[in-house]
Amino acid sequence: MIGISISLGAFAKSADKQTLVMAQQIDNLITLDPAALFETAAQEYAYNTYQRLLNPHKDNPGQFTSDIVRTWDVFDSGRSYIFRLFPKLYFASGNPLTAHDVVFSLRRAIRLNKAPAFLLTQFGFDSQNIEHRIIAVDNTTVKISLSETVAPSLFYSCLTSPVASIVDSVLLQPHLAQDHGHMWLSKNYAGSGPYKLHAWQANNSLVLVKNEQNIQASKAKLAKIIIRHIKEPSTQHLLLDKGDIDIARNLLSFNNLPADTTKVSVLRNWLKYLALNQNNSYLSKPEVILAIKHLIDYQQIADTILRDEVVVNQSFIPLKVMGSKYNDFYQYDLIKAKELLATAGFEAGFSINLVAKNLKLAQAIQSALAQADIKVNIIPGDSRQVLAKFRARDFDMLIATWASDYSDPHANTVAFATNPDNSSASTSKTLAWRTNWQQPEFNIISEEAKKELDSQKRANLYESLQKEFLQIAPIIVLFQEVETSVINNNVSGFELGTDSNATNYLHISKL
Amino acid sequence: MQLITSISLNYKQCVNLFIRFGITSATLVLLVVFLSKISPIDSGLSRVGDQFSDISYQAKNVSLKHGFGFSLLTNNLVLQDIKLAMPATFELATAAMLFAILIGVPLGILAAVNKDKLLDHILRMLCLLGNSVSIFWLSLMAMLLFYAKLQLFPAPGRVDIAFLDEIAQPRFLLISSILDGNWPLFKDALAHIMLPALVLGYYSLANISRMTRLFVLQELQQEYVITCKLKGMPFNQILRRHILPNTAIKLITVILLSYASLLEGSTFVENIFMWPGIGLYLTQSIMVNDLNAILACTIVIALIFITANFICDALYKFLDPRVANV
Amino acid sequence: MYKQVLAMYNNKSIVLGFSLLALFILVALVPTMFTRQSPYTPNFDNILAPANGQHIFGTDELGRDLFARIIFGTRYAFIVVLSVCIVTIPLGFTIGAIAGYKQNFIGNFLSRMIDVFLALPKLIIAMALVASVGVGIKNAIFAIILTAWAPYARLTRANVLQLKQQDFILVLKLQGVSSSRILFRFIAPLCLSPIFLQAFLDMSGYILMVAGLGFLGLGAQPPLPEWGSMLANAKDYILTHWWLITYPGGAILLLSLSFNLIGEGMQSVLTNKGF
């Protein structure tokens, strides 16, 4: 038996220099339609296979670049935008990429109205007004008019997200009949990015090949990229060790990495936070909230059990996003915490529940609060159960993760700080709503900052907002996640992006 | 020769069996439907993701339209996914079964013949271990040892990345690659199937060899063996011409039942070896709480199980009318 | 009966099995005798440590002593086995007895039910059940009970069918003794030994099943130190921290083995065929 297997010989090891094999959990990839996809792996796919009007600037948050737009302008105090495209652009199919395709794609995303569509519809678009608000003036000019003023960088940020990807209208034409071609595009490709779809087997593998029609692709060194879905981090580790894959994206433990491999880390826009439900009699006392903020040793947790997974960030605006400040506001102070609890009359402590999916962190919080005689009872659940309890406001304390929808401070401000209507009939159940906490001034400041055209004034508004938030909010932001990948040393040029829509395959090469 | 003495299965017994099969399947389906109704799980939530507004989730409950609706994992029809996954599982189960039979039956016979000697004790130990070990632990250990440390087998998965296109359609790789004359694919598929088949087959090996041993021992006690020995027949001939055929029927039923129970074991083995069969599909659907897929897989696997049981019952009735109808 | 018990003393596998089982029972009853560490307290400065002087088996991903967790996890294994047995054996016996004794509609219906549940794949149904209704060790136990009572019912039914033809039962009936009394006072004791045998053989199966469910995340939830869920957590660290997998898996193996040894030994003693 063993003889047979040895003689079967070279099980083709990791492929040649033109092919990259990457192990990644892509089981949440359920559709390839850029106007409908919302999951991280899917966004990464769309980022590399489709193009958009704008791209986020790699190093300067709040600034933008473009592959297809020559110049862009804003006028009418932030309500109208003009984009002028380069003349000779093509899709992978060979069809020309014109302003009409841009307009088609944006209108389609809004009409389709799937999960990510709110990124566009929040600017006042709906299926009626897009006919005159998003138009192609000529073959290379796109004009977009918003219903109200917003800060341009906010609008541009949303244009960089995959929902605004440009799809080939000609290719999609025969399939538009029922659902704007959603069923077809979920399993097919109609883009113009440097890589194009070769094959997708759901839950198994995703294969991309170089798109010769794309101008940037001439710089690309890899002809083929194979993404294997491997759920178990240990299996990814194993395969990386044996050289059967080049990059492992989801390793958990970074000790004892395989030989000849390196870690590549990047800060993501994902925040881990602790929510204290204000309808709980203990947690609604400001002294208790402040005490809890002082009971947690943030740095110790980030250095030990969550090492290589997080960095400390206590502000609701992620690090590296414009306006982020006061990231290290609270320090661990047991004595102060106990004093605060005593003033509130709780020196004997009390009992409280904690709903969480990440049990490492939950248990860390449990033992942190136990120092002040607060008995925490952990209620574990998977992400669905935790989310369901959160939305139902059925918890005392809860740990969750928030991923920003786009890289503008407005995204997280709305999520964490605003709560327009605290009743159960609210149409905007933000994180603050779920915590039963309402601070009306924050709603006002958020709207103001959204419309502020001067970037310096805007940054100042967010700064003061963050400071106030840190002082009184019952949502305690703890950490910001770090994504770490491990790559084989023969791979170079792999750039992890802050968001899943910024991890670029273009410059990867194998030695 | 007692191979087929008389097929005295009458019409009534036949109908009886079919009725039992029907009732069992019906109960299964009822049970599954009951589970889907009482389940508090909201399948739709994971589809749409976290939003601030109240969205009505389309896939809220298990939908029996289009047979179990769409999978949360792949966005394909669940039945389509199962159709893609079944050949993979069948290939794995068959390979495991072949291993179990080819090694297990001879071992069982040897152990019976050498009763209470060292070989017998070794086999009994093997069987005991086979019944006591948890199959997922064994797979993990096997993968660690044979893949990681010794590098005797290739990476987990059904084929190498070079052949990914080949498994996009449901097919039996080993058979079709031979038929196409595609030797590299055949070698690759064979190399990949070996370790999971060995692990999966171990439990059946324990069971089959133990039953073979038992049946052979029972036969050895019969009077005709002594008669044959007195007649001067060499033992090998006794074995071949009398004992084995007599145990064949019972052994076939054991093998059939074992085959069905392999499906249960494959849930774990496929999970760990990343084998894209129905077991992996089931465990992944459990992870995302995709009730449609879970219940569809349950029905498919259970139906196969019931069918195997039913065939065994029928075989018993057909071929050995002395078995009391309990 | 006495002869059988004596035979058991002499049977090697029973002796071995019982000693192993006795050890486990002792561990489950007085875990503190075996370890001073707590299985629950995390220690973030010492996570994923290999075996050393202070931690015989090393520590897990939260810094808890692995040996202590295995020791305390024995309780859960026994809780599961005992809960399942306490319910399934009487349940299976009752259903099987009624099915065998009564020939009316209920008896037939129950008989059909036994056949149905015998034909269903236990693990798959249990998985579907727990996945639908909700995870947790109670639901896992319930699921196992639902799928495990059928073998006992079948045994009982076969025995009852055989025994009820006997003369002494007819005498009792003539005397006017009620059916339930006949069943429970007279027939039941005669069925005990095959049921015991089946129970011991099945107990190892229950442990493997609950470990399997735990492995998929369907059984005991963290931070309970149940062996199956310990394996599920350890799966992520298998390459570099192999002890997290080996020791809990080994514990499952040993406990299951002890039940199997006893069962096999009992089988050779009770069936007396010497196989």
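Out of the residues in region A:298-308 that are surrounded by fewer than 20 Cβ atoms within 10 Å (Cβ to Cβ) and under 13 Å from A:Leu361 (Cβ atoms), which is nearest to the other protein chains (Cβ to nearest Cβ)?
Taking region A:298-308 first, the residues surrounded by fewer than 20 Cβ atoms within 10 Å (Cβ to Cβ) are A:299-300, A:303-304, A:307-308.
Those still in the list that are under 13 Å from A:Leu361 (Cβ atoms) too: A:300, A:304, A:307.
Details: A:Gln300: 7, A:Thr304: 4, A:Arg307: 9 Å.
The qualifying residue nearest to the other protein chains (Cβ to nearest Cβ) is A:Thr304.
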On the basis of being under 18 Å from the mean Cα position of the chain (by Cα), under 30 Å from A:Leu283 (Cα atoms) and either of a type outside the set (Val, Ile, Thr) or surrounded by 15 or more Cβ atoms within 10 Å (Cβ to Cβ) (or both), does A:Leu478 make the cut? yes
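Okay, residues lined up against (1) at pLDDT below 95; (2) among the aromatic types (Phe, Trp, Tyr); (3) assigned to a loop (DSSP other than H, G, I, E, B):
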| position | (1), (2), (3) |
| --- | --- |
| A:Pro258 | yes, no, yes |
| A:Asn279 | yes, no, yes |
| A:Gln314 | no, no, yes |
| A:Leu319 | yes, no, yes |
| A:Phe346 | yes, yes, yes |
Of the conditions (1) open to solvent by less than 70 Å² (accessible area, probe 1.4 Å); (2) more than 14 Å from chain C (Cβ to nearest Cβ); (3) out of contact with any Phe, Trp or Tyr (no Cβ under 9 Å at 6 or more places or on another chain), A:Ala372 satisfies every one except a single condition; which number is it? (3)
Count - residues of region C:106-129 that are free of Cβ contacts under 8 Å to residues at least 12 places away in the same chain and at the interface with another protein chain (Cβ under 7 Å from one of its Cβ atoms): 7
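Of the residues that sit in region A:376-401 and are more than 22 Å from B:Met287 (Cβ to Cβ) and of a type outside the set (Lys, Arg), which one is farthest from the other protein chains (Cβ to nearest Cβ)?
Filtering region A:376-401 for residues more than 22 Å from B:Met287 (Cβ to Cβ) gives A:376-377, A:392-397.
Of the ones still in play, those that are also of a type outside the set (Lys, Arg) are A:376-377, A:392, A:394-397.
Values: A:Val376: 12, A:Asn377: 11, A:Ala392: 11, A:Asp394: 13, A:Phe395: 15, A:Asp396: 18, A:Met397: 17 Å.
Selected residue: A:Asp396.
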Name the one entry in C:Gln198, C:Gln267 that is assigned to a helix (DSSP H, G or I), open to solvent by 10 Å² or more (accessible area, probe 1.4 Å), within 22 Å of C:Phe93 (Cα to Cα) and more than 11 Å from chain B (Cβ to nearest Cβ). C:Gln198
Any residue that is part of a helix (DSSP H, G or I) and within 14 Å of chain A (Cβ to nearest Cβ) - is there at least one of those in region C:208-220? yes
In region A:241-250, residue surrounded by the fewest Cβ atoms within 10 Å (Cβ to Cβ) [restricted to those that are more than 9 Å from every other protein chain (Cβ to nearest Cβ) and closer than 22 Å to C:Glu61 by Cα]: A:Asn250
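Kindly check whether there is at least one residue in region A:406-419 that is open to solvent by 30 Å² or more (accessible area, probe 1.4 Å) and in the same structural domain as A:Ala392 (by TED's automatic domain parsing).
Among the residues of region A:406-419, at least one is open to solvent by 30 Å² or more (accessible area, probe 1.4 Å) and in the same structural domain as A:Ala392 (by TED's automatic domain parsing), which makes the answer yes.
Take the residues of region A:159-180 that are outside any helix (DSSP H, G or I) and in contact (Cβ under 8 Å) with a residue 12 or more places away in the chain: which is farthest from A:Glu212 (Cα to Cα)? Spell out the reasoning first.
First, the residues of region A:159-180 that are outside any helix (DSSP H, G or I): A:160-161, A:165-168, A:176-180.
Right, trim to in contact (Cβ under 8 Å) with a residue 12 or more places away in the chain and you get A:160-161, A:165-168, A:179-180.
Details: A:Thr160: 23, A:Ser161: 24, A:Ser165: 19, A:Ile166: 17, A:Val167: 17, A:Asp168: 16, A:Asp179: 30, A:His180: 27 Å.
The extreme case among them is A:Asp179.
For region B:203-216, what are the residues that are within 13 Å of chain C (Cβ to nearest Cβ) and either at positive phi or crowded, with 20+ Cβ neighbours inside 10 Å (or both)? Explain how you work it out, then say what you get.
Narrowing region B:203-216 to residues within 13 Å of chain C (Cβ to nearest Cβ): B:203, B:206-207, B:210-216.
Correct list: B:Tyr203, B:Ala206, B:Asn207, B:Arg210, B:Met211, B:Thr212, B:Arg213, B:Phe215, B:Val216.
Just the residues that are of a type in the set (Phe, Trp, Tyr) and open to solvent by less than 30 Å² (accessible area, probe 1.4 Å), please, taken from region C:79-134. Steps first, answer last, please.
Step one: of region C:79-134, the residues of a type in the set (Phe, Trp, Tyr) are C:93, C:101, C:105, C:109, C:117.
Scanning region C:79-134 gives C:Phe93, C:Tyr101.
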For region B:131-162, give me the residue count where each residue is within 22 Å of A:Lys224 (Cα to Cα) and either away from chain A (no Cβ under 12 Å) or assigned to a helix (DSSP H, G or I) (or both). 2
Name the residues in region C:243-262 that are within 17 Å of C:Leu66 (Cα to Cα), open to solvent by 10 Å² or more (accessible area, probe 1.4 Å) and at the interface with another protein chain (Cβ under 7 Å from one of its Cβ atoms), would you? C:Leu253
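In region B:217-260, which residue that is part of a helix (DSSP H, G or I) and touching a Lys or Arg at 6+ places or on another chain (Cβ under 9 Å) is nearest to the other protein chains (Cβ to nearest Cβ)? Steps first, answer last, please.
Our first condition is that a residue be part of a helix (DSSP H, G or I); within region B:217-260, this holds for B:217-220, B:223-231, B:235-260.
Filter again for touching a Lys or Arg at 6+ places or on another chain (Cβ under 9 Å), leaving B:217-218, B:220, B:228, B:235, B:238.
Values: B:Leu217: 6, B:Gln218: 8, B:Leu220: 11, B:Cys228: 22, B:Phe235: 20, B:Ile238: 20 Å.
By that ranking, first place goes to B:Leu217.
Residue-by-condition table, conditions (1) touching a Phe, Trp or Tyr at 6+ places or on another chain (Cβ under 8 Å); (2) more than 27 Å from B:Asn131 (Cβ to Cβ); (3) open to solvent by 50 Å² or more (accessible area, probe 1.4 Å):
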| site | (1), (2), (3) |
| --- | --- |
| C:Phe142 | no, no, yes |
| C:Ala153 | yes, no, no |
| C:Ala158 | no, no, no |
| C:Gln165 | no, yes, yes |
| C:Ser178 | no, yes, yes |
| C:Leu183 | yes, yes, no |
| C:Phe186 | yes, yes, yes |
| C:Ala211 | yes, no, no |
In the set B:Ile122, B:Ile167, which member is within 30 Å of A:Val209 (Cα to Cα), assigned to a helix (DSSP H, G or I) and either open to solvent by 40 Å² or more (accessible area, probe 1.4 Å) or aliphatic (A, V, I, L, M) (or both)? B:Ile167
Identify all residues within region C:212-239 that are free of Cβ contacts under 8 Å to residues at least 60 places away in the same chain, closer than 19 Å to C:Ala143 by Cα and of a type in the set (A, V, I, L, M, F, W, C); write none if there are none. C:Phe215
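For residues that are within 11 Å of chain C (Cβ to nearest Cβ) and buried (at least 19 other Cβ atoms within 10 Å of the Cβ), tally how many sit in region B:262-287. Please lay out each step first, then the result.
Applying the first criterion (within 11 Å of chain C (Cβ to nearest Cβ)) to region B:262-287 yields B:262-268, B:271-272, B:278-279, B:282-287.
Restricting the remaining residues to those that are buried (at least 19 other Cβ atoms within 10 Å of the Cβ) gives B:262-268, B:271-272, B:278-279, B:282-286.
Looking only at that region, the number is 16.
Test A:Ile487 against the criterion of being surrounded by fewer than 15 Cβ atoms within 10 Å (Cβ to Cβ) and among the β-branched types (Val, Ile, Thr), and give yes or no.
Values: surrounded by fewer than 15 Cβ atoms within 10 Å (Cβ to Cβ): no; among the β-branched types (Val, Ile, Thr): yes.
For A:Ile487, the condition - surrounded by fewer than 15 Cβ atoms within 10 Å (Cβ to Cβ) and among the β-branched types (Val, Ile, Thr) - is not met.
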Screening C:Asp60, C:Asp65 for residues that are surrounded by 19 or more Cβ atoms within 10 Å (Cβ to Cβ) and touching a strand residue (DSSP E or B) at 6+ places or on another chain (Cβ under 8 Å) leaves only C:Asp65
Per the filter on region C:18-57, residues in a helix (DSSP H, G or I), under 17 Å from C:Pro223 (Cβ atoms) and open to solvent by 30 Å² or more (accessible area, probe 1.4 Å) are C:Asn46
Members of region A:474-493 that are farther than 18 Å from A:Pro258 by Cα and either at pLDDT below 95 or in a strand (DSSP E or B) (or both): A:Ile475, A:Ile476, A:Val477, A:Leu478, A:Phe479, A:Gln480, A:Glu481, A:Val482, A:Glu483, A:Gly493
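Out of curiosity, is B:Lys229 basic (Lys, Arg) and crowded, with 18+ Cβ neighbours inside 10 Å?
no
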Checked region A:445-500 for anything among the acidic types (Asp, Glu), in the same structural domain as A:Asn419 (by TED's automatic domain parsing) and under 30 Å from A:Ser147 (Cα atoms); matches are A:Glu447, A:Glu448, A:Glu452, A:Asp454, A:Glu463
If I filter region B:288-307 down to residues being among the β-branched types (Val, Ile, Thr) and either more than 8 Å from chain C (Cβ to nearest Cβ) or outside any helix (DSSP H, G or I) (or both), which single residue comes out as farthest from B:Leu79 (Cα to Cα)? B:Thr307
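The values are calculated or read from the model by the stated rules, or taken from the named source; none is laboratory data. Computed from a prediction, not measured in an experiment: that's the story for all the values here. Every residue, glycine among them, receives a Cβ derived from its backbone with ideal geometry; neighbour counts consider all protein chains shown. These area figures cover heavy atoms from the full protein model, side chains too; ligands, DNA and RNA do not enter into them. Shrake-Rupley method; radii C 1.70, N 1.55, O 1.52, S 1.80 Å.
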